[in-house]
Structures are given as structure tokens and as C-alpha cells.
1. Run the quick spin-label model on residue 48 and residue 64: label points 7 Å from Cα toward the beta carbon, then report their separation in nm to one decimal.
2. Once you keep just the Cα pairs under 8 angstrom separated by 6 or more residues, what percentage relative contact order results for segment 3-73?
3. Compute the length gained on full extension between residue 28 and residue 11: take 0.36 nm times their separation in residues and subtract their Cα-Cα distance, giving the result in nm to one decimal.
4. How much length, in nm to one decimal, is gained on full extension between residue 41 and residue 79, taken as 0.36 nm per residue of separation minus their Cα-Cα distance?
Amino acid sequence: MQELDRICAENNWILPRYIILPSLIDGLYQATVCLVCPDLELKADGGMKSTPCEARDSAATAMLHQLHMKAKDKLAELDISAPDAAA
């Protein structure tokens, strides 16, 4: 969660918004995190956890994974479009 906040601050993005919902059946919690930036808008769901804090951390971890995959895709895209990539 702190790492996601740090990434947002470094990029001058708005801090992520979390929605934490309790399960009515088993007493667990699930969180969703939304991240809106100039170039993208992402949403990630965390797993069912026993505390709201754990649920929030789970959603933040899922968002970090999405950001990592986006960065990896962007780097691959840049490598492909580079003039000397075929050489």
C-alpha cells in the first residue's frame, strides 16, 4: 500500500481510492482500488481477507502487479518500434 502511494506521489498522480466491503456471509473483507492518472485508469480487486487493512493491502498488491505489467508492455512496445530493433 505504501509502495503504491509512493509511486503515485513520484508521478504526481492522484492517490488511489479504496473501497472496502465486508462479506455478509463469512466476516471477511474485500477491497477494490481505483487509480486515475492522465494516461490511464485502472481498477484492481484484492482477495478476501480477515481484516480491512489486509484487504486494502491485497488490492494495492494487485494494482502494483497491473502497473508492472503495463510498464513491461510499454517497454516491449518501445523496443519493437526502435529503429535498430531489427538489427
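Each reported figure results from applying straightforward, stated rules to the coordinates on display, with no laboratory input. Given the structure is predicted, the values throughout are model-derived calculations rather than measurements. Methodologically, a virtual Cβ is constructed for each residue, glycine included, from the backbone with ideal geometry; neighbour enumeration extends over all protein chains shown.
1. Between residue 48 and residue 64, the label points sit 2.5 nm apart.
2. Values: 120 pairs, mean separation 17.4, N = 71.
About 24 percent, as a whole number.
3. Details: separation 17, 0.36 × 17 = 6.12 nm, distance 3.31 nm.
Extra length available between residue 28 and residue 11 comes to 2.8 nm.
4. Details: separation 38, 0.36 × 38 = 13.68 nm, distance 2.39 nm.
Result for the pair: 11.3 nm of gain on full extension.
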